[in-house]
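Beneath this line is the structure, given in C-alpha cells, with notes to follow.
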Amino acid sequence: MVNHPRQYDREHVWVTSGAAALDIDSLVAVLVDEATRLGIAVDAPRRLHPDVFQRLWKPAFFDLLDPASQTKFANLLASVANLFNTSPFPTSLGSGPLPPAQTAGTIERSARLTARHLVERSPGAYPVLQSA
C-alpha cells in the first residue's frame with residue numbers, strides 16, 4: 001500500500017494488479033514458456049499447497065532437518081504464502097487521480113519481459129545459451 005493522504009481522498013491506496021494479476025499457475029506457465037523460447041529446458045516446479053505441507057510433510061520430515069535448515073524452510077514458507085492466495089489483492093488503480101489499472105495482457109507481457117531480462121543479465125547461469 002502507498003500512503004498518500006494529500007493526493008487522494010483515502011488514507012491508503014492499493015497499487016496492485018487487482019483482478020488482472022496472474023495466479024501462480026499462470027505465472028509458472030509464462031516462465032516455463034519463456035525459458036523454452038530461449039532454449040532452456042525447464043520442467044514446471046511441483047508445489048504443495050501450504051495445508052498439505054502442514055498436515056503431511058511437516059509432521060513426518062521437519063524434525064529430520066537441522067535447526068538452521070528448519071529456520072530457512074520456515075522463512076521460505078512465510079515468503080511464498082502470498083503465492084497461494086485464492087483471490088487477488090484489491091487495487092485502487094483507476095479510481096480518483098490514480099492511473100488506470102493494468103490489463104491481464106499487460107501483466108503477462110511484463111512477466112515475460114522480466115523473465116527475458118533476468119536470463120540476459122545472468123548468461124553464466126544458462127550454459128545452453130553460451131555461443132560455442
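Assorted remarks:
- Amide proton proximity set for VAL13, modelled H, under 5 Å, gap of 5+: VAL2, HIS4
- Ranked by the mean number of other Cβ atoms within 10 Å of their residues, highest first, the peptides 63-74, 88-99 fall in the order 88-99, 63-74.
- The simple Förster model, with R0 at 41 Å and r as the Cβ-Cβ distance, assigns ARG121 and ALA68 a FRET efficiency of 0.85.
- Neighbours of ARG116 by Cβ distance under 14 Å: Lys/Arg scored +1, Asp/Glu scored -1, total 0.
- Protection-proxy order for peptides 40-47, 55-62, each taking the mean of Cβ atoms within 10 Å per residue, highest first: 55-62, 40-47
No lab work stands behind these numbers, since they all come straight from the coordinates. None of these values were measured; they are calculated from a predicted model. Methodologically, a virtual Cβ is constructed for each residue, glycine included, from the backbone with ideal geometry; neighbour enumeration extends over all protein chains shown.
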